[in-house]
Amino acid sequence: MERRRRFEQVFDENLRAVYGYVLRRAGTLDVDDAVAEVFLVAWRRIDHMPADAKPWLLGVARRVLANQRRAAVRRASLAERTRAEATHAPVEAPDTPPILRALHRVSSRDREILMLIAWDGVTVEEAAAVLGCSRGAAKVRFHRAKRRLGAVLADLEQDETSPATRLRLEAR
């Protein structure tokens with residue numbers, strides 16, 4: 001009975017965070033399956049779950065999503081891979097904020113840690129648990145990702161202030 005109570009508490013406290021994490025990283029059709037699988041793993045491993053369950057659950061979600069992606073690749077043909085690439089292609093409309101355009105231009109690895117910390121609101125320590133690396137590695141990875149994002153932002157700003165860009169913008 002204690003296991004059930006612990007699971008219900010973990011579920012109630014973390015469903016929204018896990019659902020949001022998965023939703024931002026998977027197609028909408030796969031979200032419910034992935035979240036259900038995360039909590040199935042949580043139920044099976046409830047006795048081994050740390051007191052602060054959120055980073056652990058997000059790490060499980062990350063692995064569940066990776067497993068789903070590998071399974072899709074095995075089942076899918078070249079057309080499926082092409083569709084997945086098109087889904088992840090950056091959309092850069094003229095009114096897209098520079099930060100979003102920059103996020104689309106950094107590597108998926110950089111984007112992952114930046115989004116974990118900035119969007120999902122986890123600490124560097126929690127991000128390390130989600131990514132399955134040490135705190136130091138996550139800290140270095142986050143620092144480098146911020147630096148690369150800053151460089152991309154600077155390039156975007158420079159492009160937007162170039163004479164050719166100003167002429168294009170003034171012609172509108």
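Okay, here's what the table says:
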read-out	value
For residue 15, solvent-accessible area (1.4 Å; no DNA, RNA or ligand), Å²	60 Å²
Net charge over other residues, Cβ less than 13 angstrom from the Cβ of residue 19 (K, R count +1; D, E count -1)	-3
Accessible surface, 1.4 Å probe, highest first, among residues 114, 40	40, 114
Solvent-accessible ranking of 104, 48, largest area first, probe 1.4 Å	48, 104
Computed lengthening from residue 140 to residue 52, 0.36 nm per intervening residue step minus Cα-Cα distance	29.4 nm
Accessible-area order (highest first, 1.4 angstrom probe) of the listed residues 139, 54	139, 54
Whole-Hz couplings from phi, Karplus 6.51/-1.76/1.60, listed for region 107-113; x for Gly and Pro	5, 4, 5, 5, 4, 4, 6
Hypothetical label at residue 9: residues of region 45-64 whose amide nitrogen lies under 17 Å (7 Å Cα-Cβ projection)	45-57
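The values are calculated or read from the model by the stated rules, or taken from the named source; none is laboratory data. Everything numeric in this text was worked out from a predicted model, so none of it was measured. A quick note on method: Cβ atoms are made from the backbone with ideal geometry, for glycine too, and the neighbour counts reach across all protein chains shown. Only protein heavy atoms, including side chains, enter the accessible area calculation; ligands, DNA and RNA are left aside. Shrake-Rupley method; radii C 1.70, N 1.55, O 1.52, S 1.80 Å.
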